[in-house]
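Below: one structure, written as structure tokens.
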Amino acid sequence: MLAQVSDEKTVVIPEEIGRRLGIKPGDRLDWTLVEGSDAVLVRRVTDRGALARRLCGLGKNLAPDRDLVAELDTEREREDQERCGCSAHDLLA
């Protein structure tokens with residue numbers, strides 16, 4: 001799918017991609033250059049707080065001895081570290 005860049009460097013997300021990824025006005029997108037190519041990886045950044053609130057309590061009956069929200073936060077932090085090579089602590093410092 002093609003999209004054109006405007007004079008202001010804005011891009012309109014193709015409708016099918018926006019629909020499939022659930023992208024809504026105000027969502028944040030993370031743009032990453034793919035090393036060794038002219039490609040750009042774009043991913044929707046989820047609001048972790050909203051996601052945690054939505055998930056809160058859903059898995060308690062399935063995994064009563066686990067803190068699924070904490071596990072999700074840990075997983076997301078690990079993904080961020082792998083992507084940028086830094087820790088959440090480094091980003092806040």
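Just so you know, all these numbers are worked out from the coordinates, no wet-lab data involved. No experiment lies behind these values; they were computed from the predicted model shown. Because the Cβ atoms are built from the backbone with ideal geometry, glycine has one as well, and the counts that use them run over all protein chains shown.
A few notes on this one:
- Neighbours of Gly18 by Cβ distance under 11 Å: Lys/Arg scored +1, Asp/Glu scored -1, total +1.
- Scanning residues 5 or more positions from Thr46 or on other chains, none has an amide H under 5 Å from its amide H, with H placed 1.01 Å from N in the peptide plane.
- One Cα centroid belongs to the stretch 37-76, the other to the stretch 7-23; the line between them spans 23 Å.
- For the chain, calculated [θ]222 nm from helices alone, where every DSSP H run of n ≥ 4 adds -39500 (n - 2.57): -11500 deg cm²/dmol
- One quarter of the convex hull surface built on the alpha carbon atoms of the chain amounts to 9.0 nm², the projected area averaged over directions.
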